[in-house]
C-alpha cells in the first residue's frame, strides 16, 4: 500500500500540477476531519480492525493505512477533474431539439 502511494505521489509530481490555495485548505480540512472522526469511531469502538490486516502503526487509535485512502482521493481527484473538464471542452455536446 505504501509503495503504491509513493508511486502515485511521484506520478502526480511528474504532472506538475498547480496545487492552489483552495486545494491546500481542502486537504487540511479533510485531514483534520478524518483524524477527528477516525479517532472517534475506533475509540468507542464502532469500527474494529483485524490485527492481521493492518501494519500495526497507529495514529491515535486508527491504523495509518486509513490516511492512504484520503491521500489517494486528494491526489487523484484534481487531475481526474481536469482531464474530464478538458474532454468536455474539446467535445461539446450538440444541442438537442425538443
Once fully extended, how much extra length lies between residue 25 and residue 61, figured as 0.36 nm per residue of separation less the alpha-carbon to alpha-carbon distance?
10.5 nm
Give me the number: length gained by fully extending residue 70 to residue 44, i.e. 0.36 nm times residue separation minus the C-alpha to C-alpha distance, one decimal in nm.
7.2 nm
Take residue 77 and residue 53, extend 7 Å from each Cα along the Cα→Cβ direction, and tell me the distance between the two endpoints in nm.
2.4
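Throughout, read-outs are computed from the coordinates displayed, never taken from laboratory work. Keep in mind that what you see is a predicted model, and the values were worked out from it rather than measured. Backbone-built Cβ (ideal geometry, glycine too); neighbour counts: all protein chains shown.
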